[in-house]
Amino acid sequence: MQKSAIIIGAGLVGSLWAVFLSKAGYKVTIYERRPDIRKADISAGKSINLAMSFRGWKALETVGVDDEIRKISIAMPGRIMHDLDGKQNYQPYGKEGQAIYSVSRGGLNAKMMDIAETKGGAKFSITTNVWMSI
Ligand SMILES: Cc1cc2nc3c(=O)[nH]c(=O)nc-3n(C[C@H](O)[C@H](O)[C@H](O)COP(=O)(O)OP(=O)(O)OC[C@H]3O[C@@H](n4cnc5c(N)ncnc54)[C@H](O)[C@@H]3O)c2cc1C
């Protein structure tokens, strides 16, 4: 008999966890109280991009979805500080060839939900009252 799992919240962790659980043989249902982010106009809301570093990539690599996310990320090898005298000072975020990666939070969440559905076989239930729906 197939094991089943319920995840509350279709955020970054819930969507990624769905892929992990499905790889472990679970049939996954995710309950989310907000409207489906993939159908909402993300650009209309305020959103700060995420800065993804090694730890984030490692989690994505583990379930084999890192290549898909790299397509929607931008490398940030460093930043430039402007001091009061107008001088600029470059500060790298890592060693030569390393970077952290800027990803739209909403875009990443939407992509992770797609991946949870296609790679994790997860079913989403968008509901304002999770406990009544289970
Ligand atoms: C301003 C800001 C900047 C950040 N910058 C970075 C960064 O640069 N790099 C980085 O790695 N991390 C960053 N973080 C942290 C990162 O956003 C979180 O670690 C990540 O979003 C956590 O994912 P999550 O799935 O646990 O939670 P969330 O993404 O918050 O998702 C939780 C989901 O659960 C749903 N939910 C909650 N309660 C219920 C309920 N009762 N029933 C149904 N659904 C429910 C919510 O609607 C939501 O969709 C930042 C966080 C903030 C606030």
* Quantify, in whole percent, the carbon and sulfur part of the accessible surface of segment 3-133 (1.4 Å probe; protein heavy atoms only). => 55
* **Rounded accessible area per residue of the chain, 1.4 Å, Å²** => 68
* To do: Order the following by accessible area, largest value first: Tyr31, Tyr26. Probe radius 1.4 Å; ligands, DNA and RNA are ignored.
  => Tyr26, Tyr31
* So what is the calculated 222 nm ellipticity per residue for the chain, using -39500 (n - 2.57) for each DSSP H run with n of 4 or more, over all residues, to the nearest 500 deg cm²/dmol? -> -9000 deg cm²/dmol
* Size of electric dipole in the chain: Cβ of Lys, Arg +1 and of Asp, Glu -1, about Cα centre, debye, nearest 20 -> 340
* Asked: Please state the equivalent ellipsoid semi-axes for segment 3-133: what are the square roots of 5 times the Cα gyration tensor eigenvalues, largest first, in whole Å?
  -> 34, 18, 10
* Keeping all protein chains in position, work out how much accessible area Val65 exposes to a 1.4 Å probe, and write it in Å² to the nearest 10. => 0
* Across Lys3/Lys39; Lys23/Lys58; Lys58/Lys87; Lys3/Lys71, pairs whose alpha-carbon gap is larger than 27 Å -> Lys3/Lys39; Lys58/Lys87; Lys3/Lys71
* Asked: Along the positive direction of the dipole of segment 3-133 (beta-carbon charges: Lys, Arg +1; Asp, Glu -1; about the Cα centre), which of Pro35, Ala110, Ile74 reaches farthest?
  -> Pro35
* To do: Taking only Cα atoms and a 10 Å spring cutoff, compute GNM fluctuations for the chain and point out the largest among Gly94, Gly86, Gly11.
  => Gly86
* Structure fact -> Placing +1 on each Lys and Arg Cβ and -1 on each Asp and Glu Cβ in the chain, then taking the dipole about the Cα centre, the residue among Ser47, Ile126, Val65 whose Cα reaches farthest towards the positive end is Ile126
* Structure fact -> Largest fluctuation, Glu32, Glu61, Glu96 only, Gaussian network model of the chain with Cα springs under 10 angstrom, belongs to Glu96
* Rank these by accessible area, largest first, 1.4 Å probe: Thr128, Thr62. => Thr128, Thr62
* Asked: Relative contact order for segment 3-133 using alpha-carbon pairs under 8 Å, separation at least 6, rounded to a whole percent?
  -> 38
* Rounded to the nearest 5, what is the percent of antiparallel bridges among the DSSP beta bridges in segment 3-133? -> 55
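The values are calculated or read from the model by the stated rules, or taken from the named source; none is laboratory data. All values reported here derive from a predicted model rather than from experimental measurement. For neighbour counting, all protein chains shown are included, and Cβ atoms are generated from backbone atoms with ideal geometry for every residue, glycine included. What goes into the accessible areas is simple: the full protein's heavy atoms, side chains included, and nothing from ligands, DNA or RNA. Shrake-Rupley method; radii C 1.70, N 1.55, O 1.52, S 1.80 Å.
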